[in-house]
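What follows is a single structure, written as structure tokens, with notes after it.
The values are calculated or read from the model by the stated rules, or taken from the named source; none is laboratory data. Everything numeric in this text was worked out from a predicted model, so none of it was measured. Cβ coordinates were reconstructed from backbone atoms using ideal geometry, including for glycine residues, and neighbour counts include every protein chain displayed. What goes into the accessible areas is simple: the full protein's heavy atoms, side chains included, and nothing from ligands, DNA or RNA. Shrake-Rupley method; radii C 1.70, N 1.55, O 1.52, S 1.80 Å.
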Amino acid sequence: MKSKGARLILQPAPLLRSGLTTPAAMRDVVYALVPLVIGASWWFGLSALLVLLAATAGAVITEWIFSLGAARGQSLQDLSATLTGMLLGLTLPPGLPLWMAFVGGAASIGLGKLIWGGLGQNPFNPALVGRAFLLGAFPTAMTTWQAPSGPAGFLGIIPSNLALPLQQPTVDALSSATPLGLMKFQNQETPLPDLMLGHTAGCLGETSGLLILLGGVYLALRRSIDWRITVAVLFSASVFSGLLHLFDADNPQPIVALFSGGLLFGAIFMATDPVTSPVTPRGAWIFGIGIGVLAILIRTFGGYPEGIMYAILLMNATTPLIERVTQPRPFGRGRPTL
Amino acid sequence: MSRDGQNRRAYQELVKGLWRENPVFVQVLGMCPMLAVSNSAINALTMGLATFTVLLSSSLMVSSLRNLIPRQVRISCYIIVIATFVTVIDFVLLALVPDVHKELGAFIPLIVANCMILGRQEAFAAKHPVGLAAADAAGMGGGFALALFGLGGFREVLGSGSLFGVSLFGAHFEPWVIMLLPPGGFISLGLLLLVLNWVRSRRTQRSEDLVTAQGNPSR
């Protein structure tokens, strides 16, 4: 029998390893997105898969091209580009021409991540940078929505998906309005069960509240996301929209406000991006509250029906400041100066 | 200095503004017109030529007056010289291309405030003879005009699908609206700077490698 000799380990810290690597963290989020992808293809058919694929291809190909000459080597295997592409794809309308989705994926990775120095260096959420770029570049296509076809139209492709590169979709698609658009421009409410199950027009991943919550609970249990941020966004958004509803009954009830538009998706998948959100617990609360209030502010008083994207991007910009203010104070020292 | 040496010096002053010390890409001067009027190739080209003309004439004037201008009030004197030529250019453009003049709007009078122009007077024209000052101004003005034209062309191709108003991609082109808006100006300028800095750093790297290789023949 061999006795296990004591081993003297002579190496610098860290000696304890948790096994959490970048690809593992990314994979967790991808798993949480799977129900959403299935839900999106259920409601929007093959179009949903094509748009998702195009956005992911744009992100992955851009990452691949830019890491060809990079000193740190190929960075595709950390899965972050795939995840960014998927997140972007889930925030796009189902009828978006595929070449635009591809451009969006490339802009996400190129403008959102790589020019800042790659993973971990970017101040803004890359997927949302790509979406903001698309909304600025192609405002019409990005705000043309399709009513969900349901399983009957699974094999059908929305004709505007297939527009040639750099060309407009030539066929006029039957368009529909999102719950938020209906509320803002026609003062018409969507019933809550539809919002829960996803039987509404909207971006691919944002329509079904239940599926998003499912992914969110999984991520929170796996501790892949900071639950404080999500809770803070949802809490502040419901309080603020509740106040507005009391003040003027034309504004939606808090529960409708939470489940319509991209608020839930943004609160769970976008705002919690560990790179662009504060690491301190108090900072996470401030960050989340800021997003919730800004999103409802833009929805109610701004020109756009939905404001979660700009709310998150704006709060991303304040992350370094929040982190500096909420740094734990070393015992016996004064407050850090700004 | 021999005649030949003088010519070579003038040539160097001319070329440096085009690439090595390009006012836009290296000194990052004159950003205001660069971002504001580069939304179409024709606007950018007109603005570039106007700035070129003002810079060249002002440099000639300041350089020839350099021994008469009192040191204490030199900046005001430069500004008066520049403003004079800007006024001339303003009227010339109004007479020749009224449409473009209208689109450029306040940015033509604002050439007076272009720091690149004042900078060349202070840094170069006031200290050098007329010939060299002209070469320097032509190089810097040319570099500025080229950069502005490049940016304007890029933004027009993506933003309107055309170049000088000639459609490139057919009638169904989907315009990238963001490229005509201010964010597009910042994004394109940033990308252009990125590419040029990359080219520049590769060149430097290559020449350093060459020096190392020559220094160590054993390698």
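Taking Cα atoms, how many degrees apart are the long axis of helix A:308-325 and the longest axis of chain A, rounded to 10 and kept between 0 and 90? Roughly 20 degrees, rounded to the nearest 10. Distant-in-sequence amide contacts of B:PHE173, defined by a placed amide H-H separation under 5 Å and a gap of 5 or more residues or a different chain, comprise A:GLN168. Per residue, chain B exposes 53 Å² of accessible surface when a 1.4 Å probe is rolled over the protein heavy atoms with every protein chain present.
Applying both filters, DSSP loop and at most 10 other Cβ atoms within 10 Å, to the chymotrypsin sites (Phe, Trp or Tyr not before Pro) of segment A:54-131 eliminates every site.
For segment B:26-148, the relative contact order works out to 47 percent when only alpha carbon pairs closer than 8 Å and six or more residues apart are counted. Under the rule a/c < 1.5 gives rounded, and otherwise a/b versus b/c splits prolate from oblate, where does chain B land using the Cα gyration tensor? Oblate shape, in that a/c is at least 1.5 and b/c is the bigger or equal ratio. Students often forget the sequence filter, so: which aspartates and glutamates lie under 12 Å Cα-Cα from B:LYS16 once same-chain residues fewer than 8 apart are removed? Filter leaves B:ASP136.
Normalised by the number of residues in segment A:21-176, the mean separation of alpha-carbon contacts (under 8 Å, six or more apart) gives a relative contact order of 28 percent.
Above 18 Å, the calculated P(r) of segment A:203-296 contains 43 percent of its Cα-Cα pairs. Taking amide H atoms as placed 1.01 Å from N in the peptide plane, the amide H of A:TRP145 lies under 5 Å from those of A:SER176, each 5 or more residues away in sequence or on another chain.
Which angle from 0 to 90°, rounded to the nearest 10, does the C-alpha axis of helix A:281-301 make with the longest principal axis of chain A? That helix lies at roughly 10 degrees to the long axis.
Of the DSSP H helices in chain B, those with a Cα length along their own long axis of 20 Å or more and a mean Kyte-Doolittle hydropathy reaching 0.5 comprise B:41-64, B:74-96, B:130-160.
Phi angles across segment A:155-161 convert, under the Karplus curve 6.51 cos²θ - 1.76 cosθ + 1.60 with θ = phi - 60°, into 3J(HN,Hα) values of 8, x, 10, 5, x, 5, 4 Hz, Gly and Pro given as x. For segment A:21-176, the solvent-accessible area works out to 39 Å² per residue, with a probe of 1.4 Å and every protein chain left in place. Taking amide H positions as modeled 1.01 Å from N, with prolines and chain starts lacking one, the residues under 5 Å from B:LEU163 and 5 or more places away or on another chain are B:LEU168.
Ligands, DNA and RNA left out, the 1.4 Å accessible surface of the protein assembly as shown is 67% carbon and sulfur atoms. With both labels modelled 7 Å from their Cα along Cα-to-Cβ, the B:GLN72 to A:ILE115 distance reads 4.9 nm.
Could you pull out the chymotrypsin sites (Phe, Trp or Tyr not before Pro) across segment A:285-338 that fall in loop regions by DSSP (anything but H, G, I, E, B) with no more than 12 other Cβ atoms inside 10 Å? Qualifying residues, ordered by number: A:PHE331.
For the protein assembly as shown, evaluate the Debye formula with one uniform point scatterer on each Cα (no solvent term) and list log10 I(q)/I(0) at q = 0.05, 0.07, 0.09, 0.12 Å⁻¹, rounded to two decimals. These q points yield log10 I(q)/I(0) values of -0.30, -0.56, -0.84, -1.16. Across peptide B:164-177, the mean count of Cβ atoms from other chains lying within 10 Å of each residue's own Cβ comes to 4. The fraction of all Cα pairs in segment A:50-172 landing in successive 10 Å bins from 0 to the largest distance is 14, 44, 28, 12, 2, 0, given as whole percents.
Give the distance, in whole Å, between the Cα centre of segment A:49-125 and the Cα centre of segment B:132-182. After rounding, the separation between the Cα centres reads 28 Å.
Taking all Cα pairs closer than 8 Å and separated by 6 or more residues, the relative contact order of segment A:120-277 comes to 25 percent. Rounded to the nearest 10 degrees, the inclination of helix A:209-221 to the longest alpha-carbon principal axis of chain A is 0 degrees. Averaging 1/r over each pair of different alpha-carbon atoms in segment B:86-204 and inverting the result gives 17.0 Å, the Kirkwood hydrodynamic radius.
Modelled this way, with points 7 Å down the Cα-to-C-beta line, the labels at B:ASP209 and B:ASP4 are 3.5 nm from one another.
Annotation for B:ALA106 and B:LEU49: the two label points, set 7 Å from Cα along the Cα-Cβ direction, are 2.6 nm apart.
With a 1.4 Å probe rolled over the protein heavy atoms of all chains, the accessible area of B:CYS77, A:CYS203 falls in the order B:CYS77, A:CYS203, largest first. Total buried accessible area between A and B, probe 1.4 Å, nearest 100: 1300 Å².
Here the translational diffusion coefficient of segment A:277-326 follows from Stokes-Einstein with Rh set to the Kirkwood radius across Cα pairs; for 37 °C and 0.692 mPa s it amounts to 302 µm²/s.
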